[in-house]
Each structure stands twice: as structure tokens, then as C-alpha cells.
Amino acid sequence: MSSMTALHQILLEPTDVLFFRDGRPMSGASAGHTAAWPLPDVVNHALHAALHRAGFEDAHAHRRGRSGDYSNDRTRKFGCLTTAGPFPVRLLKSNAGSDARFDWFLPRPKDTQIKKSVKTTLKPLKSLTPDTDGIWRESSLPKPLRYAVVNVMPPSKDTGGEPWISSETYQRYLAGSDSECDPTNFLKDDDIADTECTIGISIDPATGTAGQGESKGQIYSAHYLRLRADFRLGLFAQALDKVASDPDSRRDLVRALLNDAPQSIVVGGQQRLCTARRSDAPVPLPLPTGLANGFNVAVIDGQKRRLVKWVLITPAIWPEIEPGISKRGTERKFHPGGWLPNWVCPETGRVLLETVNQKERQNRRSLNALGKGYQSNPNIGAWLVAAIVPKPIIVTGWALPNGTDRPVGGAKSTHLAVPAGAVYYFEAESADAAAALAAALNWHGNTRGTEIRNRRSTLLGEKGYGLGVCGTWEFHEIGNKR
């Protein structure tokens, strides 16, 4: 996000139950997964729609289209909107004045599974060795992983821990603290919200009535989310709109939309309302900050390596990439995507990111705008060696028709996203490489949590996907009970 103005903190208080669904069907006993915690794109779309309803005049318009096929008509507005969230936020004082305090909660990292604790219980196992030709044949792990991740605790039916931990407790986890934590900093889903189920009658889209046409005799079941009285949906947003197409002159649309008084906006499906309250985002942001240095050291293949792990705090989408020529005119190789970040080589695990300064980044944007490509030069000496990736979550949506790239409206492409809490383990060749990797992967970059700089999701990064924090890790040696 740009540093031209303060980032906005927005707290959404539902005025009724909320309805969030994915692309699964809703008919009969199937509820379509409608009561899950909302995905990042849901609140982004809610703010985007609110900006349209506000009727801002002379908003900067972008051309429609994608993948280089753009129309000449500039009709797409508010492309400057970027968001991060939503996260569960607990109100600690009943009054909503300036002295109100909040606790922000995040999904639990998947390598810690003990209730009321952030002790790391899953660790990579350093036991496999490559054959003489360097190929790892003792494992069925997919490329490019080298180590299996194992549970260091005795077998138990009671595993997983509470799905939500506070930002303060998350910070203790990143620091490697095993000390006792405040039990109120761990929440189950039903501590945050209740789930309510109802049966409905399908409505015929042609007539807007029930019991006729295609919907005759059809019913559906749906689940709704009812937040507890002391919880809110918390997010951060920014929308700096160009004035008269001048990049050096901008107006703050989020402030204009929400600054005067709390506003009602539609969030999710079925026109459900939330009251949105804006304030300047605190500095630093109330999210955990990742490590920048001080990573553990291990001797691997006779060489010292720094051990860096990256934990997602929001989902990420890495699509399959077909070989060919990219939009910037360079060769594009095949990448399977899915659980594997597109910025990791699928054969060797090498991190394909590079460190560039702000001036170089602006130059590259100018080259892209002119249709001139540039060849990237990965310069971070680090490799992905292990991972914990839970089951994917479904991301989809519905689009209205337009005359450029979607003449007929309908369902958007369905993506399988890696959920928040997934853990990726890296080996860096030096302390400098580890620091460069952390600066490239931490959501705050090399700042102290004052800006959102890195969104490492290939798709929907502007909507809050791909935020993560870095920590360090250690091997679990056979016979080591720690």
C-alpha cells in the first residue's frame, strides 16, 4: 500500500446475521458452505460496491479487459482500492470512544497443535539422505520438498488446538516462546460467532416469485453467521484515486466514504448490512510482525544454512501457469501452482524472487506500461525444503456481463486457495540471504509493521490474499523429545 496517506482501519459491526457462500450448490440438505469466516475478497467487494453507490464524480476510470486484451473505453472505476482482512476483532471496552481497545485474532499456524499453547509440535525430520546421483528416492514427497514434517508429540486424539489466536500470542509464537499464555487469547469458532440454519424457498429469476418457473417446488438450506456482541470484522483499506489522471494528485476515497459518521454497507450475500466505522490505522498495525534476522543455523551437506519459515496469515492463490511468452515479452515456463508458490522453482525449490529498490520497481512498471518487457534476475539464495499445507479452500464469485472480455455474465473461475496457517520452510545460504528472503515475504517488508508491502499471492493480492510472516525453525532429530 502506498505511504502517501495513513492507512485506514475499518471495523464492521453486523446489524443482522451474515451470509457468505462459496461456489458449491445449495439445494436440499446441501447448505453450500455458507457460514464460514468470510474470505478477503468478500469485504473488498463490499467496499468496492459502496464506492460505486456513493456516486463519486470524476473518479479515475480504467480500461476493461485482462491478459493484455483491453478495450479503448475507460469504464472500470476504483481500481485503486486495496484491502487486507477481515480478521476477528474483540472489543475489550464497551464504549466505542477513542479509548476503546481491541484484540485482533488470526488463524492458528498449522505447526502448533496444543490447546492454550503456541508450542511448535510439527517439525521437519532430518533423516532422509539423497542417493549418489543426488536424487531423493526414500520419500514420496512431491518436488521440490526434501524433508517430511512430523509430529514430535505422543499420539493423541485431541489435536489441532483452537483455530484462532490473538496477535499478541502470535508474536510469542514467532519468537519461539514456549511459556504459558493467557487462555483468553485462544478462541474457538463458536467463541466468535454462532451458526444458524434456515430453510428457504427458491425464487424464479425471471418473475422474482416463488413456486413458479424453474424454481417451482425447489427449496434450499442455508447457514448464517451471527457474530457475538463484542466481536467485529476488522480490515485495513486504502483507495487513493487519481485526480484528473494525475498520479501526483490524489484524493482519499475511503476517508470520503466513511469519515463523517458510521455508514451502513452491504457485506456478503442476501443484502446483509454491516455498520462500518473508520479510524486511522494504528502504528504499528495490530498484526504480528515477522522476524527480520536472527534465524537458526544448521549444517546441511557440510554448509551452514539459515532456517526461515513463512506462515500465511491470509489465504493465497497460486494458479497453474502454462509455458509461453509472458505479457512483458519474456519466456514463461510451466509451473503447477496449487500448493506451490509460483515464485518457487518446481524442480529445485529455488526462490525466484529478487530484491529491487523503489526506483527500479517504478522503472519496471513504466516498461510494462509501454509494452516493453524485462528479464527478472532472482538474487535471493534460498530454497523451499518442506511445507505444511492443509486442505484447499474454494474461491469463486459471480460477474456481470461486459462488452470486452465477458459478454455473458456468470460464475467466475473457481480457484483452490492455500488456507491461512500453512507453513513453508526454507533454507537460506547466508544471513544476508535469509534477511533478504524475510524482507520479501513478510507482509510488512523491511518496515516495523507500519505498511503492508508484500502480498505474495499470484492472484487477488490487492484483495488481501498472500499476507504472511516469517519465523525460524529447527529440525526434529530422531531421539530428540523436544
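Readers should treat all values here as calculations from the given coordinates under stated rules, not as data from a laboratory. None of these values were measured; they are calculated from a predicted model. So basically every Cβ, Gly included, is an ideal-geometry build from the backbone, and we count neighbours across all protein chains shown.
Observations, loosely collected:
- Rounded if a/c under 1.5, otherwise prolate or oblate - region 212-305, Cα gyration tensor axes: oblate
- Checking every one of the GluC sites (Glu not before Pro) in region 180-222 against DSSP loop status and a limit of 12 other Cβ atoms within 10 Å picks out Glu180.
- Between Leu400 and Glu168, the modelled label-to-label distance comes to 4.5 nm, taking each label 7 Å out from Cα in the direction of the beta carbon.
- Cα gyration tensor shape of region 266-348, rounded if a/c is under 1.5, else prolate or oblate by comparing a/b with b/c: oblate
- Listing Thr450, Thr169 from fewest to most neighbouring C-beta atoms within 10 Å gives Thr450, Thr169.
- Virtual spin-label span in nm between Ala411 and Arg101, 7 Å along Cα→Cβ: 4.7 nm
- Sparse-neighbourhood loop sites, GluC sites (Glu not before Pro) in region 414-482 - DSSP loop, at most 13 other Cβ within 10 angstrom: Glu477
- The slack between Glu180 and Arg277, meaning 0.36 nm per residue of separation minus the straight C-alpha distance, is 31.4 nm.
- Sorted fewest first by neighbouring Cβ atoms within 10 angstrom, Trp383, Trp398 come out as Trp398, Trp383.
- Pairs exceeding a 19 Å alpha-carbon distance, out of Lys115/Lys391; Lys309/Lys463; Lys115/Lys157; Lys115/Lys188: Lys115/Lys391; Lys309/Lys463.
- Segment Ala36-Arg255, extension gain: residue separation times 0.36 nm, minus the distance between their alpha carbons: 75.9 nm
- If you plug the beta carbon distance of Glu331 and Glu429 into 1/(1 + (r/R0)^6) with R0 = 25 Å, you get a FRET efficiency near 0.45.
- Pairwise FRET efficiency - Asp191 versus Arg448, Cβ, R0 = 30 Å, nearest 0.05: 0.50
- Proxy reagent accessibility, fewest Cβ within 10 Å first, across Phe475, Phe87: Phe475, Phe87
- Neighbour cut-off at most 16 other Cβ (10 Å), DSSP loop, trypsin sites (Lys or Arg not before Pro), region 290-351: Lys327, Arg328, Lys333
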